[in-house]
Amino acid sequence: EYTQSRLLTPLGMGRSNQSVGEMLTDPDHATAYERRSGVVVPVPARPVTALAPAGAINSSADDMTRWLLAQLGGRVPRASGHPDGPPVMSPATVARQHTPHTLIPEDPTFPASTRHAYGLGWLIGRYREHRVAEHGGGIDGFQTECMLLPDDGIGVIVLTNTSSSAMAPVVAYRVLDELLGLEPLDWFGDFKPRFDAAMGGMREARSVRRVVAGAARPRPLAAYTGDYEHPGYGVLSITTDGETLRPRLGTLDLSMAHRHYETFDLEWHELGDQSHIFPLMFLSDADGDITGLTVPFEPSVDPLRFDRLPDAPARDPEVLRRLTGTYAMGPVEIEVALRGDRVLTVAAPGTPSLELEPGHGLRFGVKGQPAITVEFELDDTGAVSRLVAQPLGIFLPKPLT
């Protein structure tokens, strides 16, 4: 609402919005495309409402010229076409956005165009000895490049409807060269070989990734199914689909294939010419039960761990209620009780109760006692036949008197 009322509307950016649904109702909206394995195909627009407003603005060339003028400190024409509309930002505010706030490593790859700092929403650097403020944006099937030369009063916006290309900066640099009256540099000749090498390198690396021959999957597919949770990424659910595992994480288009041992290739089929493959590795405890998995979604940190959530029966209040009662091992008795609807406790007479933490099947850990597990075994009728407390002993249900 703030962005709409304080920026888009005053600038006359009437076709700009922050909703994919609203964009699709425009009869002249762009269709998103990507290159998949060398073939250009249409892809659905991805709703990114949670990123609004910063990463979810849909706009047009005409609207973006108004944004460029505002960033260059000039008065923007009113929506009606009259010149000298009111400024939406003071000159000091504009200058502050283009002022370095955070230093970044300077990449020497292209000496004619370098970046050494980040301002407020703008990368700051030099282009052929002219001060430049630049930023791009991209999502499935779209990529934008916005460049300003604040001291020269020049702004360029390049909008493309593919994210499988390096065209946007090449076009922007050529426009800057023309407007500055400089001999154009061969940016296409610089970018194209690097782009092709990167695409080819990914294909070659994938073809030779290490696979241990004969390292068969050590357990049936059903053993891997369940819900795995990470505090930041949410729940990664894994189910079976015939003879394969089917992963689900948010709206991502994912698949899984066994590589070796308990490592699977988690393949993300979106955003780029080639799918992204992450090695997903299942983790297990001393009893052989799967307790979690790791996936290196973020290349700059250790693989992210998703902990396995308790199986459904261990979270079912009705199932838990049937597990309560007195259990005996000779003269030693323990009492299993239900606290609320979903928490089992265990206690020996005269001792404080300990909370049981659900795990795989009807096996529970003992809170505060990580070396102890409690597993309920059922008979054919669904009644508890015995309680196995490792490493303490086997307890049998005590009949009601």
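The values are calculated or read from the model by the stated rules, or taken from the named source; none is laboratory data. All figures in this text were calculated on a predicted structure; none of them were measured in a lab. Note: ideal-geometry Cβ built from the backbone for every residue, glycine included; neighbour counts use all protein chains shown.
For Val132, all conditions in the list (1) β-branched (Val, Ile, Thr); (2) part of a strand (DSSP E or B); (3) modelled with pLDDT under 95 hold save one; what is the number of the exception?
It is condition (3) that Val132 fails.
Any idea how many residues of the stretch 138-179 are under 18 Å from His98 (Cβ atoms) and surrounded by 16 or more Cβ atoms within 10 Å (Cβ to Cβ)?
The total comes to 12.
Kindly establish whether Ala50 is closer than 17 Å to Gly137 by Cβ, modelled with pLDDT under 90 and assigned to a helix (DSSP H, G or I). Before the answer, list the steps.
On the way: closer than 17 Å to Gly137 by Cβ: yes; modelled with pLDDT under 90: yes; assigned to a helix (DSSP H, G or I): yes.
Here the answer is yes, as Ala50 does meet what is asked.
Would you pick out the residues in the stretch 272-301 that are under 14 Å from the mean Cα position of the chain (by Cα) and closer than 14 Å to Glu262 by Cα?
Listed by number, the residues that qualify are Phe278, Val295.
Out of everything in the stretch 360-380 that is part of a loop (DSSP other than H, G, I, E, B) and under 14 Å from Leu323 (Cβ atoms), what residue ends up being nearest to the chain's Cα centre (by Cα)? Talk me through it step by step, then tell me what you get.
So in the stretch 360-380, the residues part of a loop (DSSP other than H, G, I, E, B) come out as 360-362, 367-368, 379-380.
This time we only want the ones that are under 14 Å from Leu323 (Cβ atoms), so: 361-362, 379.
Details: Gly361: 30, Leu362: 33, Asp379: 44 Å.
This residue is Gly361.
I want to confirm something. Restricting to the stretch 248-259 and keeping residues that are surrounded by 16 or more Cβ atoms within 10 Å (Cβ to Cβ) and touching a residue at least 24 places away in the same chain (Cβ under 8 Å), which single residue is farthest from Gly234 (Cα to Cα)?
Here is the first cut: in the stretch 248-259, the ones surrounded by 16 or more Cβ atoms within 10 Å (Cβ to Cβ) are 249, 254-256, 258-259.
The next check asks that each one be touching a residue at least 24 places away in the same chain (Cβ under 8 Å); those that pass are 256, 258-259.
Details: Met256: 18, His258: 23, Arg259: 25 Å.
Only one residue fits best here, namely Arg259.
Quick one: Glu318 ticks every box in (1) in a helix (DSSP H, G or I); (2) surrounded by 11 or more Cβ atoms within 10 Å (Cβ to Cβ); (3) of a type in the set (Asp, Glu) bar one, so which box is it?
Unmet for Glu318, out of (1) in a helix (DSSP H, G or I); (2) surrounded by 11 or more Cβ atoms within 10 Å (Cβ to Cβ); (3) of a type in the set (Asp, Glu): (2).
List pairs: first residue in the stretch 218-246 and touching a residue at least 12 places away in the same chain (Cβ under 8 Å), second residue assigned to a loop (DSSP other than H, G, I, E, B) anywhere in the structure, Cβ distance under 6 angstrom, at least six positions apart or on different chains.
Listed by first residue and then by second, the contacts come to Asp227/Leu309; Glu229/Leu309; Leu236/Leu249; Ile238/Thr225; Thr239/Thr225; Thr240/Thr225.
Can you pull out the residues in the stretch 55-85 that are among the charged types (D, E, K, R) and at pLDDT below 90? Even if it seems obvious, please write down each step before you answer.
Start the filter on the stretch 55-85 by keeping residues that are among the charged types (D, E, K, R), which leaves 62-63, 66, 75, 78, 84.
Arg75, Arg78, Asp84, listed by residue number.
Gly119 - would you say it is surrounded by fewer than 20 Cβ atoms within 10 Å (Cβ to Cβ), in contact (Cβ under 8 Å) with a residue 12 or more places away in the chain and small (Gly, Ala, Ser)? Step through it out loud before you land on a result.
Working: surrounded by fewer than 20 Cβ atoms within 10 Å (Cβ to Cβ): yes; in contact (Cβ under 8 Å) with a residue 12 or more places away in the chain: yes; small (Gly, Ala, Ser): yes.
For Gly119, the condition - surrounded by fewer than 20 Cβ atoms within 10 Å (Cβ to Cβ), in contact (Cβ under 8 Å) with a residue 12 or more places away in the chain and small (Gly, Ala, Ser) - is met.
Could you check how many residues of the stretch 350-390 are of a type in the set (Phe, Trp, Tyr) and either in contact with a Ser or Thr (Cβ under 8 Å, 6 or more places away or on another chain) or surrounded by fewer than 20 Cβ atoms within 10 Å (Cβ to Cβ) (or both)? Step through it out loud before you land on a result.
From the stretch 350-390, those of a type in the set (Phe, Trp, Tyr) are 364, 376; that's our starting set.
Subset that is either in contact with a Ser or Thr (Cβ under 8 Å, 6 or more places away or on another chain) or surrounded by fewer than 20 Cβ atoms within 10 Å (Cβ to Cβ) (or both): 364.
Residues flagged as of a type in the set (Phe, Trp, Tyr) and either in contact with a Ser or Thr (Cβ under 8 Å, 6 or more places away or on another chain) or surrounded by fewer than 20 Cβ atoms within 10 Å (Cβ to Cβ) (or both) within the stretch 350-390 amount to 1.
I'd like to verify a number: residues in the stretch 283-308 that are assigned to a loop (DSSP other than H, G, I, E, B), modelled with pLDDT of 90 or more and out of contact with any Phe, Trp or Tyr (no Cβ under 7 Å at 6 or more places or on another chain), how many?
As a first pass, look at the stretch 283-308 and keep what is assigned to a loop (DSSP other than H, G, I, E, B): 285-289, 296-303.
Those still in the list that are modelled with pLDDT of 90 or more too: 296-298, 300-303.
Those left that are additionally out of contact with any Phe, Trp or Tyr (no Cβ under 7 Å at 6 or more places or on another chain): 298, 300-303.
Qualifying residue count, the stretch 283-308: 5.
Quick test of your reading of the structure: Leu323 fulfils all but one of (1) surrounded by 15 or more Cβ atoms within 10 Å (Cβ to Cβ); (2) touching a Ser or Thr at 6+ places or on another chain (Cβ under 6 Å). Name the failing condition by number.
Only one criterion is unmet by Leu323, namely (2).
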